[in-house]
1. For the stretch 343-391, enumerate the residues that are modelled with pLDDT of 90 or more, of a type in the set (D, E, K, R) and within 24 Å of LEU42 (Cα to Cα).
2. Going by the structure shown, is ALA114 surrounded by fewer than 18 Cβ atoms within 10 Å (Cβ to Cβ) and over 19 Å from the mean Cα position of the chain (by Cα)?
3. Go through (1) in the same structural domain as TYR39 (by TED's automatic domain parsing); (2) not in a loop (DSSP other than H, G, I, E, B); (3) not hydroxyl-bearing (Ser, Thr, Tyr) for LEU251 and report which single condition fails.
4. Examine the stretch 366-386 for a residue that is in a loop (DSSP other than H, G, I, E, B) and touching a strand residue (DSSP E or B) at 6+ places or on another chain (Cβ under 6 Å), and state whether such a residue exists.
5. For the stretch 450-505, what are the residues that are outside any helix (DSSP H, G or I), surrounded by fewer than 17 Cβ atoms within 10 Å (Cβ to Cβ) and on the phi < 0 side of the Ramachandran plot?
6. Which of the residues that make up the stretch 397-413 are surrounded by 15 or more Cβ atoms within 10 Å (Cβ to Cβ) and charged (D, E, K, R)?
7. Please tell me if LYS236 is more than 22 Å from GLY462 (Cβ to Cβ), crowded, with 17+ Cβ neighbours inside 10 Å and in contact with a Phe, Trp or Tyr (Cβ under 8 Å, 6 or more places away or on another chain).
8. Which residues, taken from the stretch 221-245, are small (Gly, Ala, Ser) and either assigned by TED's automatic domain parsing to the domain that holds GLY462 or under 18 Å from SER203 (Cβ atoms) (or both)?
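The values are calculated or read from the model by the stated rules, or taken from the named source; none is laboratory data. The structure presented is a predicted model; accordingly, all values stated were derived computationally and were not measured. Backbone-built Cβ (ideal geometry, glycine too); neighbour counts: all protein chains shown.
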Amino acid sequence: MSVKTLDLQERTEGKSLYSYQKGAINKIFKCFEEAPENYHLLYQLPTGGGKTVIFSEIVRQYLKHHEKRVLIMTHRIELCKQTSRMLDEFGVTNKIIDSKADLSDQDDFKCFVAMVETLNNRLNDDKLDISDIGLVIIDEAHYNSFTKLFKFFDNVFVLGVTATPLSSNINLPMKDNYNELIVGETIGSLIENEFLARANIYSYNVGLTSLVVGANGDYTVKSSEDLYTNTDMLTKLIQAYEERAKGKKTLIFNNGINTSLHVYDTFRRAGYPIAHLDNNNTKKERKAILKWFKETPDAILTSVSILTTGFDEPTVDCIMLNRATKSLTLYYQMIGRGSRILKNKNTFTVIDLGNNLHRFGPWGSDLDWQRIFRSPNYYLDGILSDEDIEQNFRYEMPDDLRAEFAKSEEVYFDINKTYISSVRNGESSKVVLERSIAQHARICIENSEDMWDALALAKLLGDDIDYRIGRYTKCISKSTYNFVDWLKEDYRKKLNAYIRSNFDEVFEDIHGFPPED
């Protein structure tokens, strides 16, 4: 693709280009100049780095120097429209090929923007002439829906762009469809040079062993909804919001519509301004909700993954991951929704309730994209399992809860150590939970004036109880969902019964005098 000296400095229309974007464009054109006509090139740049700006300028330059036409493919209609608007800003006249498009005027356009499924139908029906397409650009190239269209483009330059060059399908690695990867600026570099905001990440440990991995390699919606709609998880979510993000414009990602609706009800009952959005909303409803979200400073928007791409709201100040994922791409996409920088915004908050930070590392950490591209299985095999992650957990009470137990010097109870000791002493494993209940009861009584105070404190120990039950079931190698659920409920009942039966005795042991009548 011979292009003479790139006239990047001559541009007056559209958006201005940053130096790293100009450098990327030069690298891409140089690669195409030296490559055969059927070359497939993949370009990686983090969310917020301006991939659409870069390939819009590439289109402008290509059409200026070539007689052939350009086709841009996306996987969602929102991305089609955004891409079309960006091309307009760059002075590139273009036509969107959607299900309602009239193709009678296709000869009048040099650039087409199409959704993959619609394009596939039009090509199979032979309604679109692609005989003179010279360049195909694929946005969000890690999705595999595009691969079925490659058969239509034998001698065409293909440029795929993505923030994460890791296929959404582990059985269809990107290296099988692309000859080469060019890695753009790192997130760290974009933050350092004030192109992206820095993420302050807070991770809340969550027991995920009840989750089931589906055929697509990620957690199933059903198992996620079973976990994230229970009262303890919804309480943890709103507590995390109040601790770290209260008053901030917040985007909450869930794995399932039912979960998002539960989140909506929970925050609405608590008096917070919140809206719910999923793919069942009409275009009119979606537009109204996003307008409200944009204009409301402390708005909360709970959704299912439809806002991971094709959505750009720079004023988002907090991202809540109310889900676990095994997809590195999804992890980066969700957090990237908060990374846009503004004059008064150079940091944003991320609250992780899916152990995603432990699984993938901090957003923006150094990743060897070339190695991931060449050997995706090597990377995927190295990701920690949920069991390995949870082995390193130690429950720590949040500061406000710890204040309720201020009279207790130590509130932690080591389940593993107690289990090992009981085994060595030839005792039944049941003594582990008995001793845990006794310790929980003691710290409740130690910080109470009467039995009712102690019972009220016991209700606040839900996360600690779940943590201890999780550790215990690992020790005894029995962790079916029904058993764990029963054990948690049984523990709570026995803790309350212990407090009622032993309050006076424990109180006197602690204080040296009996409680007042």
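1. Answer for the stretch 343-391, where residues must be modelled with pLDDT of 90 or more, of a type in the set (D, E, K, R) and within 24 Å of LEU42 (Cα to Cα): ASP368, ARG371, ARG374.
2. Values: surrounded by fewer than 18 Cβ atoms within 10 Å (Cβ to Cβ): no; over 19 Å from the mean Cα position of the chain (by Cα): yes.
Spelling it out, it is not the case that ALA114 is surrounded by fewer than 18 Cβ atoms within 10 Å (Cβ to Cβ) and over 19 Å from the mean Cα position of the chain (by Cα).
3. (1)
4. So in the stretch 366-386, the residues in a loop (DSSP other than H, G, I, E, B) come out as 366-368, 375, 382-385.
Pick out the ones that are also touching a strand residue (DSSP E or B) at 6+ places or on another chain (Cβ under 6 Å) and you get none.
No: zero hits.
5. Of the residues in the stretch 450-505, the ones outside any helix (DSSP H, G or I) are 450, 476-480.
If we keep only those that are surrounded by fewer than 17 Cβ atoms within 10 Å (Cβ to Cβ) too, we end up with 450, 476-478, 480.
Residues satisfying the conditions are ASP450, ILE476, LYS478, THR480.
6. Listed by number, the list holds a single entry, GLU404.
7. Numbers: more than 22 Å from GLY462 (Cβ to Cβ): no; crowded, with 17+ Cβ neighbours inside 10 Å: yes; in contact with a Phe, Trp or Tyr (Cβ under 8 Å, 6 or more places away or on another chain): yes.
No; evaluated as a whole, the condition is false for this residue.
8. First, pick out the residues of the stretch 221-245 that are small (Gly, Ala, Ser): 223-224, 240, 245.
Passing the criteria: SER224, ALA240, ALA245.
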